[in-house]
Protein chains: 2
Amino acid sequence: MREVFQQELREVQERLVEIAALVAVSIDNATRAFNESNVSLAETVIADDEKIDVAALELDELAINILARQQPVARDLRIVVSALRISASLERMGDMAEHIAQLARYRFPDKVVPKSLRGTFAELGALDVAIANKLVELLTTEDTRLAEEIRNDDDRIDALHLSVFDKVLGETWKGAAVDTVDATLASRYHERFADHAVSIAKKVQYLATGDWVVASS
Amino acid sequence: MREVFQQELREVQERLVEIAALVAVSIDNATRAFNESNVSLAETVIADDEKIDVAALELDELAINILARQQPVARDLRIVVSALRISASLERMGDMAEHIAQLARYRFPDKVVPKSLRGTFAELGALDVAIANKLVELLTTEDTRLAEEIRNDDDRIDALHLSVFDKVLGETWKGAAVDTVDATLASRYHERFADHAVSIAKKVQYLATGDWVVASS
């Protein structure tokens, strides 16, 4: 019974890694679609989001099945509940990649953001891709140094996100309203993508160290 | 044992209702702060978000404890897992109310949106408040007609959300970049607030009808 359970936990972990890998491909495609106005890549991301949603739903069903059949307690129970939450966050990361791709598709053949912001969004995109790849590795290896790296990358993303508003609200901003809307939304999507990754990284860190967030903290 | 379990499920439900009631107060305060540039009301919402977060965290701990001690299966297990998810959505709804309040505080003593959009945002705010109150009632009574109403309100919110973009991107828009940014973000927060409510309403509906979303659907 115990061995079956350990095998099932491994399957949960493998599926989380698979979903994270799908998300990593999608954010890579989405940022390229966004930066290069590549509409067919944007459409790939939009189509792939369905696969991420289905994979997350299947993982949830597996996790609930394990809860029902194996009745785990203590740390094992935390692992299964955490898997449900990580799955929800990965699903939202997929949505953010899709939203970024949708902006690219709406504005095609124009670029989504004006020249003065392209460097910022190139960096935001590269950081989101790096975070997604680190997340795949973190879920595979549970090496908590990666969780720290993800948090540091997120700090940089938050700073870039604020810098987008500084630019858009600054006196030198010449963008039309459509540029302002797109920059606002795109920056928010990039920032939320990273927030979800941080939230997953924290959960993996707690699981690895046993340092639980309890109600009183 | 069974009786203890039923008592615990009732406590889970009562706590969900309490958190939803806190969210309803916060979105009411947030929309008033937003529409009337009331900075002290905005600060109340921002301070109250911490209470919502703590209440959601405590409920999660209770739900995980119930899983560990009572080992529920079948429908009972679904109820406890759904409670965890509903709690996460309520926590996010609190965040959206806080974000709306923050916009009001940032722009104080100015109003957040220019005159031409105030009617739209008044309606968005009123719909979010109505949805939050219906959610409290839905969680209390499990009357699934309320779930339908929430979905209908959300359809109207989606239409208003799109109309904000139409206005901001239209030829008559005279707003400065700051107005464009604020309208974009505020509209998105109102829309996300309602999305989370719909997601909760669907879960309550499934629990009430047994009509589960399975992996293959």
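The values are calculated or read from the model by the stated rules, or taken from the named source; none is laboratory data. Please read all numbers here as calculations on a predicted model, not as lab measurements. FYI the Cβ positions are ideal-geometry reconstructions off the backbone, even for glycines, and counts take in every protein chain you see. These accessible areas exclude ligands, DNA and RNA; they are computed on the full protein's heavy atoms, side chains included. Shrake-Rupley method; radii C 1.70, N 1.55, O 1.52, S 1.80 Å.
Per-structure values
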item: B:Ser199 at pLDDT below 95, open to solvent by 30 Å² or more (accessible area, probe 1.4 Å) and more than 17 Å from B:Gly125 (Cβ to Cβ); result: no
item: Residue list for region A:163-192, filter: hydroxyl-bearing (Ser, Thr, Tyr) and farther than 21 Å from A:Ala101 by Cα; result: A:Ser163, A:Thr172
item: Any hit, region A:152-161, residues being within 11 Å of chain B (Cβ to nearest Cβ) and more than 24 Å from A:Ser82 (Cβ to Cβ); result: no
item: Candidates B:Val164, B:Val178 - the one that is within 14 Å of chain A (Cβ to nearest Cβ) and open to solvent by 20 Å² or more (accessible area, probe 1.4 Å); result: B:Val178
item: Residues (farther than 24 Å from A:Leu59 by Cα and part of a helix (DSSP H, G or I)) located in region A:97-110; result: A:Ile100, A:Ala101, A:Gln102, A:Leu103, A:Ala104, A:Arg105, A:Tyr106, A:Arg107
item: Only listed residue being in contact with a Leu (Cβ under 7 Å, 6 or more places away or on another chain) and either surrounded by fewer than 19 Cβ atoms within 10 Å (Cβ to Cβ) or under 21 Å from A:Ile79 (Cα atoms) (or both), chosen from A:Leu185, A:Leu169, A:Leu146; result: A:Leu146
item: Subset of region B:39-76 that is among the aliphatic types (A, V, I, L, M), open to solvent by 10 Å² or more (accessible area, probe 1.4 Å) and more than 11 Å from every other protein chain (Cβ to nearest Cβ) - its residue that is farthest from B:Arg10 (Cα to Cα); result: B:Val39
item: Qualifying residue in region A:114-137 (condition: more than 10 Å from every other protein chain (Cβ to nearest Cβ), closer than 26 Å to B:Phe165 by Cβ, part of a helix (DSSP H, G or I) and in contact with a Gly (Cβ under 9 Å, 6 or more places away or on another chain)); result: yes
item: Residue list for region A:52-65, filter: within 18 Å of A:Asp28 (Cα to Cα) and either touching a Ser or Thr at 6+ places or on another chain (Cβ under 9 Å) or hydroxyl-bearing (Ser, Thr, Tyr) (or both); result: A:Ile52
item: Hits in region B:114-130 - residues which are open to solvent by 30 Å² or more (accessible area, probe 1.4 Å) and of a type in the set (Gly, Ala, Ser); result: B:Ser116, B:Gly119, B:Ala122, B:Ala126, B:Ala130
item: Single match in B:Val54, B:Val25 (criterion: farther than 28 Å from B:Val113 by Cβ, in a helix (DSSP H, G or I) and modelled with pLDDT of 95 or more); result: B:Val54
item: Residue match in region A:158-169 (condition: part of a helix (DSSP H, G or I), farther than 23 Å from B:Asp182 by Cα and over 16 Å from the mean Cα position of the chain (by Cα)); result: no
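A quick yes/no check of all residues on (1) within 12 Å of chain B (Cβ to nearest Cβ); (2) in a helix (DSSP H, G or I); (3) open to solvent by less than 10 Å² (accessible area, probe 1.4 Å); (4) without any contact (Cβ under 8 Å) to a residue 40 or more places away in the chain:
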site	(1), (2), (3), (4)
A:Ile79	yes, yes, no, no
A:Ala83	yes, yes, yes, no
A:Ala88	yes, yes, no, yes
A:Asp95	yes, yes, no, no
A:Val112	no, no, yes, no
